[in-house]
Every structure is written in C-alpha cells, then in structure tokens.
Amino acid sequence: MGDSPPDSSPDVIGTEEAAGAPEQSEAGQALAEGSPRRENIWLNIGLNVAIPSILLSKGDDWLPMLGPSLLLVVALAFPVIYGIYDAVTRKKLNFFSVLGFVSILITGGIGLLDIDVKWIAVKEAAIPALFALAVLLSLKTKFPLVRTFLYNPELFNVAKIDAALSERENHPQFERLMKECTFWLVGSFVLSAILNYALAKYCFDGVADLSRGVAGDEVNAAYKEAFNAANGRMMALSWVVITVPTMVVTMVALMKLLKGIKAFTGYEMEDVLHNVPEERAQEMQKEREARANVVDDSDADPSG
C-alpha cells in the first residue's frame with residue numbers, strides 16, 4: 001500500500017485553525033492580562049500643563065468674574081483631578097500631574113502674593129535642574145528615571161525587548177546604552193534649566209517697574225496686568241526658545257536608544273513601538289521578508 005494520507009483528525013484541524021487564526025492584538029492581550037491601559041500623552045500634557053498655564057496667563061481676560069485666587073484654584077484643579085483619576089485607573093502616580101501642580105502653584109502663588117518676580121526665573125530653572133539631578137542620581141537605584149522618560153512601557157513593548165535581550169544575552173550591552181541615554185537626557189534638562197532662566201529674566205525684566213507712578217489699588221492692578229502679560233509672553237516663546245532645542249537633544253537620546261534596540265535585539269522600530277498600527281507593522285514585516293527572499297534567490301541562482 002502507498003503512504004497513508006495526512007491525518008485529518010479533529011486535533012490536527014484544530015491545530016491548523018489555531019495556527020491560521022490572527023494573533024491577539026497587544027491591546028487585547030493587555031486587557032486579558034489585566035495590565036493598565038496606555039494613556040493619551042497629549043491629553044496628559046494638555047490637562048496637566050497646557051490648560052492650567054493658559055488659565056494663569058489669560059484667565060483674567062477670559063474669566064474676570066473669578067478673581068486671581070479662584071482662578072489659581074481652577075488651574076490647580078486640572079492636574080489634581082487628572083492625577084487622582086490616573087492613580088485610580090492605572091494604579092500609578094502621574095509624573096506630569098505632580099509637575100503641573102507644583103509649577104502652577106509656584107507660578108500662581110508668586111503672582112498672587114506679589115513676590116519679587118526674580119523668583120520666577122529661579123523657579124523656571126530649578127524644576128528642570130532638579131529633574132536633571134534626579135535622573136542622574138537614579139542611575140544608582142533599581143528604578144532609573146530614564147525608563148520613565150525614554151524607555152517607557154507606554155511607548156515601547158518592554159517585555160518583548162527584554163525577552164530578545166535575554167535570548168541574545170545582550171542585557172549588559174543594553175544597560176550601558178541606557179546609561180549613555182541617561183547622560184543625554186540629563187543634558188536636555190540642564191539645557192532646559194539654562195534656557196528657562198534666561199527666558200524668564202527676559203520676559204519678567206522690568207515687570208515691577210511698570211507699577212511705579214501709581215498708588216493704592218492701582219499698584220496691585222498694574223502689577224497683575226504686567227505679570228500676566230509677561231507670563232503669557234514667556235509661555236508663547238517657550239515653545240521656540242526652550243521646547244525645540246531640548247526636544248532635539250531628547251530625540252538624539254531616543255534615536256540612540258532605538259538604534260541600540262535594533263542592534264541588540266534585531267527588532268526594527270515598528271516591531272517594538274506600541275503606537276505603530278498593527279496593520280502597518282505587519283505590512284513592513286512582509287516587505288522585509290520579501291526583500292530577504294529576493295536576496296536568497298539571487299544567492300542561489302548559479303547564473304547570478
């Protein structure tokens with residue numbers, strides 16, 4: 001008798017159907033495993049930093065009925081409410097909520113209490129400088145902050161990368177890469193501190209002088225108007241003067257990290273980034289496989 005036909009038992013059919021079934025998406029896997037959802041980074045920054053800053057700078061014009069004190073409370077409410085919501089839903093402290101609350105409280109408090117505006121420049125430089133120090137010191141801990149700012153599970157598929165690093169025994173090389181990226185990240189914060197201080201000095205220079213020559217309640221009103229105008233001007237200029245240069249330095253660190261991940265794991269960027277659509281990642285994987293097949297065929301062709 002000839003060879004028997006392939007086994008078509010239900011077990012084999014079930015196996016083939018399982019093999020042909022599409023893999024569960026990362027989002028589905030996360031829900032199945034009960035892991036915290038990934039947050040919207042733009043909503044995060046908007047509610048914790050952008051909206052409160054706009055309220056402080058333009059609130060007197062848009063919401064004059066609130067008054068300075070209540071306006072500060074409203075601005076502080078955004079990072080507080082978002083931080084509480086994030087802590088309840090994702091079981092973790094939101095970094096931007098803490099940053100937004102502290103920054104808005106200090107800036108608003110200085111304007112509300114008529115404190116010497118020179119402290120605005122000190123505050124603007126102190127916050128990124130403290131971050132730089134914290135990131136640097138965290139290298140000596142079990143939880144380096146570079147994993148919060150760059151190698152973040154909200155951005156990268158950390159479990160997938162770690163598995164590949166273990167398989168290739170490249171964890172030591174990857175840790176050296178993380179240390180190098182830490183220094184770049186520290187540099188971005190130091191640059192931000194310097195630019196913050198210079199911009200604040202430029203914007204708030206002479207604010208107190210604008211209230212001279214008037215008396216009584218007019219002094220306070222003139223000071224508040226000048227303070228809010230300077231605060232709005234600083235916020236508008238910060239996107240060009242501060243955000244762009246520091247973002248360039250941060251992107252250098254991120255590119256180094258992505259290049260290292262590719263070298264130590266073999267994965268392309270779209271294979272390890274969460275925000276790459278699954279369909280696009282599959283298309284790019286097929287394109288790489290097609291190019292690899294073309295190379296293999298040309299090597300096997302004796303006439304080539």
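The values are calculated or read from the model by the stated rules, or taken from the named source; none is laboratory data. Nothing here was measured: the structure is a model prediction, and the numbers come from that model. Note that each Cβ is placed from the backbone with ideal geometry, even for glycine, and that neighbours are counted across all protein chains shown.
Is there a residue being at negative phi, aromatic (Phe, Trp, Tyr) and modelled with pLDDT under 90 anywhere in segment 135-149? So far as segment 135-149 goes, yes, one or more of its residues are at negative phi, aromatic (Phe, Trp, Tyr) and modelled with pLDDT under 90.
Mind checking whether some residue in segment 74-87 is touching a Ser or Thr at 6+ places or on another chain (Cβ under 6 Å) and under 20 Å from Thr250 (Cβ atoms)? So far as segment 74-87 goes, no, none of its residues is touching a Ser or Thr at 6+ places or on another chain (Cβ under 6 Å) and under 20 Å from Thr250 (Cβ atoms). The residue pairs whose first member lies in segment 195-216 and is more than 30 Å from Val244 (Cα to Cα), whose second member is at pLDDT below 60 and among the basic types (Lys, Arg), and whose beta carbons are closer than 6 Å, counting only pairs six or more residues apart or on different chains, do not exist in this structure. Just checking, does segment 263-270 include any residue being at pLDDT below 85, exposed (fewer than 15 other Cβ atoms within 10 Å of the Cβ) and either part of a helix (DSSP H, G or I) or more than 30 Å from the chain's Cα centre (by Cα) (or both)? For segment 263-270, residues at pLDDT below 85, exposed (fewer than 15 other Cβ atoms within 10 Å of the Cβ) and either part of a helix (DSSP H, G or I) or more than 30 Å from the chain's Cα centre (by Cα) (or both): absent.
If you go through segment 158-173 and pick out every residue that is of a type outside the set (Ser, Thr, Tyr) and over 19 Å from His274 (Cβ atoms), you end up with 7.
Being more than 26 Å from Ala198 (Cβ to Cβ) and not assigned by TED's automatic domain parsing to the domain that holds Lys256 is a description that does not apply to Gly100. Looking only at residues of segment 137-152 that are surrounded by fewer than 18 Cβ atoms within 10 Å (Cβ to Cβ) and over 17 Å from Gly260 (Cβ atoms), we find that the one that is nearest to the chain's Cα centre (by Cα) is Thr148.
Residues in segment 76-90 include at least one that is surrounded by fewer than 16 Cβ atoms within 10 Å (Cβ to Cβ) and at pLDDT below 80.
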